[in-house]
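Enquirer: This is the structure I have questions about; it appears just below.
Please treat every number below as a calculation from the coordinates, not as lab data. Remember, it's a predicted structure, so these values are computed and weren't measured experimentally. Cβ atoms come from the backbone with ideal geometry, glycine included; neighbour counts cover every protein chain shown.
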Amino acid sequence: MHRVKVRVVEDALDANNTIARANRDDFDRHGVTVVNLMSAPGSGKTTLLEKVLGPGIPGVRTAVLEGDVQGSLDADRLAKHHIDVVQLNTDNGFGGECHLDANMVRSALPALPLADIDLLIVENVGNLVCPAEFLMGEDARIMVASVAEGEDKPLKYPLMFRACELVIVNKIDLLEHVDFDMDRFLYHLDAVHPGVAHLQVSARTGEGVEEVRDWLARLPERAGAPA
Amino acid sequence: MSSAVVDTAVRHAGGRPVAIVSVRIGHLRQVVPDSLLFYFGIVSRDTVCEGAKLEIEVVPAVLSCDDCNTEWTAEAAAFRCPSCTGGAITVVSGEELEVESIELEVQDACIA
C-alpha cells in the first residue's frame, strides 16, 4: 500500500449550491420571488408571518414553506390564518438537521403551488449558525432578531447578520422590560454589515408590520431588476 | 457541514480508502474546528472516509477597503475600514470552506 495525494480544491458546499441554482431556475421560470426567513428559535418568525400574511399583501399571491425539525405546530398556526403553507421536516437527517438546505427545498417543490404564487417565504429552522451557510435558491434573506436576545448578537453571529438584506428587530414592545440598548444594537449591526436595511417591529402589537409588508411587496420588482 | 466535507471527499476518492482529508476554513465562516472534527468522525462511518484524519487549516480574514484600498486582517467582526471608516469592503480571504486535498490508500501494483 502507498498513499497518493489528490488535489481537490472544491468548495464543500458546491453540491448544495448547484441544487440551489436549479431551484432558482425553477422559481424564475414561474416568476416566483423567494425569501429565506432566518432567526434564532423563539424570535417570532411565525407570529410575524401570521401578522404580515394573515391580512394578505395586496397584489402579491404568497405561500409559506415551513421548515422545522419535527411537527407541524407552526404550519398549523399559519393555516388557521388561511395562509397557503407547506410543511417540511428535517428529522430524516442525522439527528434532525438544524437548517434547510437546497436539496430539502428541492424535495418540497412538487408540493408548492409555484404556478399560482408570486412570493414564497421559506421559514428556516430556528438557528443563528448553519442556515446562513446553506443557499436554497432564494432572492433575498431576512433575519429576525428579537430584543429579548440582547444587543450583542450581531457580534456573536456575524455571518448571519452579514448574509441578509433586511434585519427585522422584533418584540420592540418588550423594550421597557429588557436591558436592550437599540442604539448599541444598531451600532454593532453597522459594524458587521454596514448600511444593511432594518425595521423595528412588534409582531405582537402590530407596530412596524405594515413596513414589513411594504418591503415584501416591493421585493419582486427589486429582485427582478437587472443585477 | 461535516457531511458536506465527507460527501466532497467521497466524490473524489473513486471508491478508494481515504487516509487524510485536508480542508481550509475561513475565519469568517461560523465553523468550529473541534465540532467539525467530532462530526466528521460520525458522518464518515460506512464511507471510504471512515477512520480518515481531518486536517484543518484556518484561513485568516483579510479585508480590503474599496474606498482607500487599506488592507487589514480582521480578528473581530468589524467590517468598517479602520483608516477611513468606509463600509464598502471586499473580503480578500476568510470565507473559504474548501476541501483542499485528499490522500488515498492505493494498492501497490503486483509485478510478479
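Enquirer: For chain A, give the magnitude of the charge dipole about the Cα centre (Cβ charges: +1 Lys/Arg, -1 Asp/Glu; no others), in debye to the nearest 20.
Expert: 580
Enquirer: Pull up all non-local amide H partners of A:Cys98: gap of 5 or more, or a different chain, and H-to-H distance under 5 Å with H placed in the peptide plane.
Expert: none
Enquirer: Lys/Arg Cβ at +1, Asp/Glu Cβ at -1, dipole of chain A taken about the Cα centre: which of A:Ala145, A:Leu109, A:Ile168 is farthest positive-ward?
Expert: Going by the Cα projections, it comes out as A:Leu109.
Enquirer: Considering the options A:Trp215, A:Met182, A:Cys98, tell which one lies farthest towards the positive end of the dipole of the stretch A:78-227, charges being +1 on Lys and Arg and -1 on Asp and Glu at the Cβ, about the Cα centre.
Expert: Farthest towards the positive end: A:Cys98.
Enquirer: Across the stretch A:177-187, in residue order, what do the Karplus-derived ³J(HN,Hα) couplings come to in whole Hz, using 6.51 cos²θ - 1.76 cosθ + 1.60 with θ = phi - 60° and x for Gly and Pro?
Expert: Couplings: 9, 10, 7, 10, 9, 4, 4, 5, 4, 5, 5 Hz.
Enquirer: Skipping prolines and chain starts, which residues have an amide H placed within reach, meaning under 5 Å, of the one on B:Ser93, given they are 5 or more residues away or on another chain?
Expert: Result for B:Ser93 returns B:Val62.
Enquirer: Fewest first, what order do B:Leu54, A:Leu120 take by the number of other Cβ atoms within 10 Å?
Expert: Listed from fewest to most nearby Cβ atoms, that is B:Leu54, A:Leu120.
Enquirer: Another question, if that's okay. Working out 0.36 nm times the residue gap between A:Arg21 and A:Leu155, then minus their Cα-Cα distance, what length gain in nm do you get to one decimal?
Expert: Details: separation 134, 0.36 × 134 = 48.24 nm, distance 3.01 nm.
Here the segment from A:Arg21 to A:Leu155 would lengthen by 45.2 nm.
Enquirer: Listed highest first by mean packing, meaning other Cβ atoms within 10 Å per residue, what order do A:58-67, A:20-29 come in?
Expert: Packing order, densest peptide first, comes out as A:58-67, A:20-29.
Enquirer: With only alpha-carbon atoms in the gyration tensor, what are the semi-axes of the equivalent ellipsoid for chain B, in Å, largest first?
Expert: Working: eigenvalues 290, 43, 17 Å².
Over the Cα atoms of chain B, the ellipsoid semi-axes are 38, 15, 9 Å.
Enquirer: Okay, moving on. Which translational diffusion coefficient, to the nearest whole µm²/s, is obtained for the stretch A:1-58 from the Stokes-Einstein equation, given a Kirkwood hydrodynamic radius over C-alpha pairs, 20 °C and 1.002 mPa s? The partial results should precede the final answer.
Expert: Numbers: Rh = 15.8 Å.
It comes out at roughly 136 µm²/s.
Enquirer: Within the stretch A:94-132, list the residues whose amide N lies under 16 Å from a label point set 7 Å along Cα→Cβ of B:Val91.
Expert: A:129-132
Enquirer: Would you mind ranking B:Asp67, B:Asp34 by Cβ crowding within 10 Å, fewest neighbours first?
Expert: Listing B:Asp67, B:Asp34 from fewest to most nearby Cβ atoms yields B:Asp34, B:Asp67.
Enquirer: Still on this structure, please answer the following. Among A:Gln87, A:Ile57, A:Val125, flag the residue with its Cα farthest along the positive direction of the charge dipole of the stretch A:44-158, charges on Cβ as +1 for Lys/Arg and -1 for Asp/Glu.
Expert: Value: A:Ile57.
Enquirer: Related question: Could you list log10 I(q)/I(0) for the protein assembly as shown at q = 0.06, 0.12, 0.14 Å⁻¹, which the Debye formula gives when each Cα is one point scatterer?
Expert: -0.25, -0.93, -1.20
Enquirer: Take the Cα coordinates of the stretch A:67-214, assign each an equal point scatterer, and use the Debye formula without solvent to give log10 I(q)/I(0) at q = 0.10 Å⁻¹.
Expert: So the normalised log intensities are -0.39.
Enquirer: For peptide A:15-23, how many partner chain Cβ atoms fall within 10 Å of a residue's Cβ, on average?
Expert: Details: counts 4, 2, 0, 0, 0, 0, 0, 0, 0.
Mean shielding count: 1.
Enquirer: Can you give me the angle between helix B:2-13 and the longest principal axis of chain B, using Cα atoms only, in degrees from 0 to 90, rounded to the nearest 10?
Expert: 50
Enquirer: Show me, for the stretch B:59-76, the HN-Hα J-couplings you get by feeding each phi into the Karplus relation (A = 6.51, B = -1.76, C = 1.60, θ = phi - 60°), rounded to Hz, glycine and proline as x.
Expert: 9, x, 8, 10, 10, 9, 8, 5, 7, 10, 6, 5, 10, 8, 9, 8, 8, 9
Enquirer: Excluding residues fewer than 8 places away in the same chain, name every one of the lysines whose C-alpha is closer than 19 Å to that of A:Lys51.
Expert: Those lysines meeting the cut-off are A:Lys80, A:Lys171.
Enquirer: Oh, and also: Please report Rg (one decimal) and Dmax (integer) in Å for the Cα set of the stretch B:1-66.
Expert: When restricted to the Cα atoms of the stretch B:1-66, Rg and Dmax are 13.4, 48 Å.
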